[in-house]
Amino acid sequence: MTATRLLASQHRQVLALLKKAASAQDVETRRRLLQAIEHRLTTHARIEEDLFYPAVKELARENTEEMVDKALQEHRVVGLVLAELLGVDPADERFEVDLTVLEGLVEHHAEEEEREMFRLAEKLAAGGAGRSDGRARRRGLASAPGACRFD
Ligand SMILES: [Fe+2]
């Protein structure tokens, strides 16, 4: 599986869990689902921030720097809402409101990232067009982040 496919599938998994949590009626299920969401979002953000975004930045193409900065800002806001939500009683109606906000943020982040950053990474990977001095290549990340494989 390529890096972009893995990351996009993580987006889908988190969004599915958010929808499940939004429709869950009992408090225990909501709590359990929120823990799963937190775990998956944290893992996803770590992969992107530690591996994927630095590789994208190294491409130094089009507006990669700007794309990464925007994505990092979105992660920060998602983190703030998630932290807030973790402190809310799942029986409280605020839980549903915050959950809807979180879902909207994740949806926006996923849609934009997949449409812009992932597409660019895949395009460059397909053309084998990493930067010629390729620090990413030297680190074994192949010629472009879209080409990273996790299988
Ligand atoms: Fe992402």
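The set of residues in the stretch 20-41 that are of a type in the set (Lys, Arg) and within 20 Å of residue 113 (Cα to Cα) contains only 40. Listed by first and then second residue, the pairs linking a residue in the stretch 1-29 that is of a type in the set (Lys, Arg) to a residue that is away from the ligand (no atom under 11 Å from the Cβ), with Cβ atoms under 7 Å apart and 6 or more places separating them unless they lie on different chains, are 20/33. Going by the conditions given, is residue 97 assigned to a helix (DSSP H, G or I) and either surrounded by fewer than 17 Cβ atoms within 10 Å (Cβ to Cβ) or touching a Ser or Thr at 6+ places or on another chain (Cβ under 6 Å) (or both)? When the stated conditions are applied, residue 97 passes them.
With the condition kept exactly as written, say whether any residue in the stretch 39-51 is of a type in the set (A, V, I, L, M), away from the ligand (no atom under 13 Å from the Cβ) and at pLDDT 95 or above. No, because not a single residue in the stretch 39-51 is of a type in the set (A, V, I, L, M), away from the ligand (no atom under 13 Å from the Cβ) and at pLDDT 95 or above.
The values are calculated or read from the model by the stated rules, or taken from the named source; none is laboratory data. Model, not experiment: these values are computed from the prediction. Note that each Cβ is placed from the backbone with ideal geometry, even for glycine, and that neighbours are counted across all protein chains shown.
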